[in-house]
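K.L.:
Can you keep this structure in mind? I'll have questions shortly.
The values are calculated or read from the model by the stated rules, or taken from the named source; none is laboratory data. These figures come from a predicted structure and were not determined experimentally. Cβ atoms come from the backbone with ideal geometry, glycine included; neighbour counts cover every protein chain shown.
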2 protein chains.
Amino acid sequence: MAPLAQDWTYAEWSAVYNALSFGIAGMGSATIFFWLQLPNVTKNYRTALTITGIVTLIATYHYFRIFNSWVAAFNVGLGVNGAYEVTVSGTPFNDAYRYVDWLLTVPLLLVELILVMKLPAKETVCLAWTLGIASAVTVALGYPGEIQDDLSVRWFWWACAMVPFVYVVGTLVVGLGAATAKQPEGVVDLVSAARYLTVVSWLTYPFVYIVKNIGLAGSTATMYEQIGYSAADVTAKAVFGVLIWAIANAKSRLEEEGKLRA
Amino acid sequence: MAPLAQDWTYAEWSAVYNALSFGIAGMGSATIFFWLQLPNVTKNYRTALTITGIVTLIATYHYFRIFNSWVAAFNVGLGVNGAYEVTVSGTPFNDAYRYVDWLLTVPLLLVELILVMKLPAKETVCLAWTLGIASAVTVALGYPGEIQDDLSVRWFWWACAMVPFVYVVGTLVVGLGAATAKQPEGVVDLVSAARYLTVVSWLTYPFVYIVKNIGLAGSTATMYEQIGYSAADVTAKAVFGVLIWAIANAKSRLEEEGKLRA
């Protein structure tokens, strides 16, 4: 990956700094929330809720790492004119943390959704494998482009990654439609919301990726990229997780009231 | 944001330092208290109590960050005259942590209160969304003014933020009045106390904000601002949380005695 641009203002640097700290706080607190809710759902939904917290825990770890890497990559201090100045320190900013995170968390996010839907065992296993592998392949194909500055090579890997990505999104929108309709009343809307939140939040990633493809460069491009990925991550993992908890909670209530077969 | 003033005395610097450490101790210990109480309340109030602890956990994280940022922003040592001297180190003091914190915690504080009131499901969802969004918008509109030194621009954003703020406070005072009256006997007073504590502690924020608007500048303004926000935060999150726990506890007792429908 090319070194960071040299043209950072304190406001730009600070915006990324605070977006990354927001990531730590959002992911960390979501993790605790999911795990504290474990005793309040029935056994059938505990694995889904455990994984929901695992995803945000992995993200908390990576946001700490990205934050520290961001701080180490710059020198920030008072300039001669009395205003804050930001210069590149020479220590690399390791953006690969994001890809390592996604490789682990993106398949797990899909597994959460499939588990909380509680489909027949065979369908669960089949969907978990195909969606899990397709989403991991998406992340793996995106990475060679992310570390490139050659725009045509970036576009090539972007297009490659879009193939399994479109398959995953297509399965979420069309393939899971019939299964969603069979969910118990009072839960159908929540499952639909979780599916569409996944689709919408995931669609932001290919757009953030092409911020640099369309020729935006320097500090502005990196700022939009970092803030964009952070906002998409919090939505796709923590906010999505709250929906998974809401589904698990609603279905547990129905089970306890004898309205849903355990 | 403008760099810190250069005119700090050790006493002023130290007052902020200790107020921030008080924030860490108060928020951190409140978090543990709320979560240790979880098994002592009935299932109906566990989500409210979990969120109460999530709010103080997020605040604990941010008070650690603000404290460390405060320490890094100054050099403190013995001066030539044998007294302690405080000089600005050049490392920025990142006050944006407070806004990131409020963006996450202020909507959650309102959700706590709504959940512990245990209103009909539809009303709960509707109130949580409208109050949650209005309070997040309040914080978002306050920030552009906070990082400004131009007094007229500060007043402009202050006024903008006051619009959703007045809506939230109005809903707490008037809108929730009827719902409070329907709370079980022995709990009505506690719910009223929680509502009015929110209103009173929240009203301190716009006043602390205008410390700098009214022309107070330099170290004195920053000292009042930091101590004011810290005191308001501990009241609005930890003390308010104790009231939420007291309500959850009282209603759990009534449920267990069969005096309140679970």
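K.L.:
What residue, of B:P164, B:P107, B:P144, is within 25 Å of A:W13 (Cα to Cα) and touching a residue at least 12 places away in the same chain (Cβ under 8 Å)?
P.N.:
B:P144
K.L.:
Taking the conditions exactly as written (crowded, with 23+ Cβ neighbours inside 10 Å, aliphatic (A, V, I, L, M), part of a helix (DSSP H, G or I) and at pLDDT below 95), does B:L113 satisfy them or not?
P.N.:
Taking the combined requirement at face value, the residue satisfies it.
K.L.:
Working only within region A:77-110, note down all residues that are crowded, with 19+ Cβ neighbours inside 10 Å and among the β-branched types (V, I, T).
P.N.:
A:V86, A:T105, A:V106
K.L.:
Out of (1) more than 13 Å from chain A (Cβ to nearest Cβ); (2) part of a helix (DSSP H, G or I), the odd one out for B:N81 is which?
P.N.:
(2)
K.L.:
Next question, about the same structure. Taking the condition of being in a helix (DSSP H, G or I) and more than 20 Å from the chain's Cα centre (by Cα), how many residues in region A:142-157 meet it?
P.N.:
6
K.L.:
Quick check, is B:A59 in contact (Cβ under 8 Å) with a residue 60 or more places away in the chain, under 18 Å from B:G228 (Cα atoms), within 13 Å of chain A (Cβ to nearest Cβ) and in a helix (DSSP H, G or I)?
P.N.:
Taking the combined requirement at face value, the residue satisfies it.
K.L.:
Can you name the condition, by its number, that A:W35 falls short on among (1) more than 8 Å from chain B (Cβ to nearest Cβ); (2) farther than 25 Å from B:T105 by Cβ; (3) crowded, with 16+ Cβ neighbours inside 10 Å?
P.N.:
(2)
K.L.:
Ok, one more. So, in region B:116-126, of the ones that are within 16 Å of B:Y45 (Cβ to Cβ) and touching a residue at least 12 places away in the same chain (Cβ under 8 Å), which residue ends up surrounded by the most Cβ atoms within 10 Å (Cβ to Cβ)?
P.N.:
In this case the residue turns out to be B:V116.
K.L.:
Which residue is nearest to the other protein chains (Cβ to nearest Cβ), if the candidates are limited to region A:38-56 and must be under 25 Å from A:G228 (Cβ atoms) and not hydroxyl-bearing (S, T, Y)?
P.N.:
It comes out as A:G53.
K.L.:
Could I ask something else about it? Among the residues that make up region A:69-76, is at least one of them farther than 17 Å from A:T105 by Cβ, outside any helix (DSSP H, G or I) and more than 14 Å from chain B (Cβ to nearest Cβ)?
P.N.:
Checked against the condition, which is being farther than 17 Å from A:T105 by Cβ, outside any helix (DSSP H, G or I) and more than 14 Å from chain B (Cβ to nearest Cβ), region A:69-76 yields at least one hit.
K.L.:
Any residue at all in region A:186-208 that is in a loop (DSSP other than H, G, I, E, B), among the charged types (D, E, K, R), out of contact with any Pro (no Cβ under 6 Å at 6 or more places or on another chain) and closer than 27 Å to A:R253 by Cβ?
P.N.:
No, the conditions are met nowhere in region A:186-208.
K.L.:
Only residues that are part of a helix (DSSP H, G or I) and not aliphatic (A, V, I, L, M): list them for region A:158-184, please.
P.N.:
A:W158, A:C160, A:P164, A:F165, A:Y167, A:G170, A:T171, A:G175, A:G177, A:T180
K.L.:
In region A:218-253, which residues are surrounded by fewer than 20 Cβ atoms within 10 Å (Cβ to Cβ) and basic (K, R)?
P.N.:
Selection gives A:R253 alone.
K.L.:
Can you name every residue in region A:162-187 that is under 18 Å from A:P120 (Cβ atoms) and surrounded by 13 or more Cβ atoms within 10 Å (Cβ to Cβ)?
P.N.:
Correct list: A:T171, A:G175, A:L176, A:A179, A:T180, A:Q183, A:P184, A:V187.
K.L.:
Among the numbered criteria (1) assigned to a helix (DSSP H, G or I); (2) buried (at least 22 other Cβ atoms within 10 Å of the Cβ); (3) not hydroxyl-bearing (S, T, Y), which single criterion is violated by B:W8?
P.N.:
(1)
K.L.:
One residue is enough: does region A:16-24 have a residue meeting the conditions under 29 Å from A:V76 (Cβ atoms), within 14 Å of chain B (Cβ to nearest Cβ), without any contact (Cβ under 8 Å) to a residue 24 or more places away in the chain and of a type in the set (A, V, I, L, M)?
P.N.:
Checked region A:16-24: no residue is under 29 Å from A:V76 (Cβ atoms), within 14 Å of chain B (Cβ to nearest Cβ), without any contact (Cβ under 8 Å) to a residue 24 or more places away in the chain and of a type in the set (A, V, I, L, M).
K.L.:
If you scan region A:126-173, which residues turn out to be in contact with a helix residue (DSSP H, G or I) (Cβ under 9 Å, 6 or more places away or on another chain), over 20 Å from A:L203 (Cα atoms) and among the hydrophobic types (A, V, I, L, M, F, W, C)?
P.N.:
Passing the criteria: A:L127, A:A128, A:I147, A:L151, A:V153.
K.L.:
Separate question: Considering only region B:208-217, state which residues are out of contact with any Phe, Trp or Tyr (no Cβ under 8 Å at 6 or more places or on another chain) and surrounded by 13 or more Cβ atoms within 10 Å (Cβ to Cβ).
P.N.:
B:K212, B:A217
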